[in-house]
Amino acid sequence: MSTSSFDYLDRLEAEAIHILREVAGQFERPALLFSGGKDSIVLTRLAEKAFRPGRFPFPLVHVDTGHNFPEVLAYRDQLAEQLGEKLIVRKVEDTIKRQRLREPGGKYPSRNPLQTYTLLEVIEEFEFDACIGGARRDEEKARAKERIFSVRDEFGQWDPKRQRPELWNVYNGRIQKGENVRVFPISNWTELDVWRYIQRENIALPDIYFGHERRCVVLPTGQLLGLSEHLRLDEDDEIVTRQVRFRTVGDSTCTAAVESDASTVEDIIQDLLLAKVSERGATRLDDNISEAGMEDRKRNGYF
């Protein structure tokens, strides 16, 4: 890797560490939203650099939909234990029962929209005033609109018109009682930056990110959705076995795989250099519900 690439990653790393320390300084009860995916794993490495040898000034929080990939859940628990940090897990299934929410229907039932209810519950339970997430601006156009410190009202809702200016890396975390802030330290990173950082830091990841053989159902769009007990398939659905990997890891019912033989981080970087579609655009079925699918969910309190 060239010296200029190292310098660029150093600048991104320094910015993210600065943001994490700003969160620790400005908020009383922050939390780091941790899914076991690559972006939140990178956040834990950045938190180590920001706060070690001390403890993180926030717990790790995972909203478990019940449709997550088992490999990712196993990695989540393993990493939390390795870090020695507190992991709080709250389940969407419990929220569905408690609030009498309607389970999603259709062949590919995604609980992703229902995550919002569980997230708002856990924010209220622990009185979190800031939630750190791994969203990036290059992922999706609604996320490109959002500031690094994104203020949410007392109902967890996002109003694009309430976005605050962020000049010269100055972040305003002042909020009213009941409000909270979503914070995105790697907002300015790209998918390629994340993978180059993973390579540089030699960060271990769930095996699901690398090429492996998996039975998949072929969707009408040609995308490959890994077989799962949560899918409601028809008899005439085409089932194939392919060599695939996952670019992002959301619900197994709405996250498609991509065909790939990439077995190393370097292989994945080469794949990305040739990719023409963003990771969410290539794989996330739930973002394609409507043209403004992600923005609508964020307005209602989504990550």
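The listed residues E81, E48 rank as E81, E48 when sorted by accessible area, largest first, using a 1.4 Å probe.
Can you list the DSSP H helices in the chain whose Cα atoms extend at least 24 Å along the helix axis and whose mean Kyte-Doolittle hydropathy is -1.0 or higher? Taking the DSSP H segments of the chain (at least 24 Å long, mean hydropathy at least -1.0), we get 3-26.
Judged by the mean number of other Cβ atoms found within 10 Å, the most tightly packed of the peptides 264-272, 132-140 leads the ranking 132-140, 264-272.
Peptides 224-232, 147-155, 165-173 ranked from most to least packed, by the mean per-residue count of other Cβ atoms within 10 Å: 147-155, 224-232, 165-173.
So what's the projected area for the chain, the Cα convex hull averaged over all directions, in nm²?
Projected area, direction-averaged: 15.8 nm².
Restricting attention to segment 1-102, the count of lysine pairs at 8 or more positions apart or across chains with alpha carbons under 24 Å apart stands at 4.
Order of 15-24, 36-45 by packing, highest average Cβ count within 10 Å first? Before the final figure, lay out each step's value.
Details: 15-24: 19.7, 36-45: 22.2.
So the peptides 15-24, 36-45, ranked by packing, come out 36-45, 15-24.
When DSSP assigns beta bridges and you keep just the ones with both residues in the chain, what percent turn out antiparallel, to the nearest 5? Here the share of antiparallel DSSP bridges comes out near 60 percent.
The values are calculated or read from the model by the stated rules, or taken from the named source; none is laboratory data. Quick caveat, the model's predicted, so the values are computed rather than measured. So basically every Cβ, Gly included, is an ideal-geometry build from the backbone, and we count neighbours across all protein chains shown. For the accessible areas, the whole protein counts, side chains as well, though only heavy atoms, and no ligand, DNA or RNA atoms are used. Shrake-Rupley method; radii C 1.70, N 1.55, O 1.52, S 1.80 Å.
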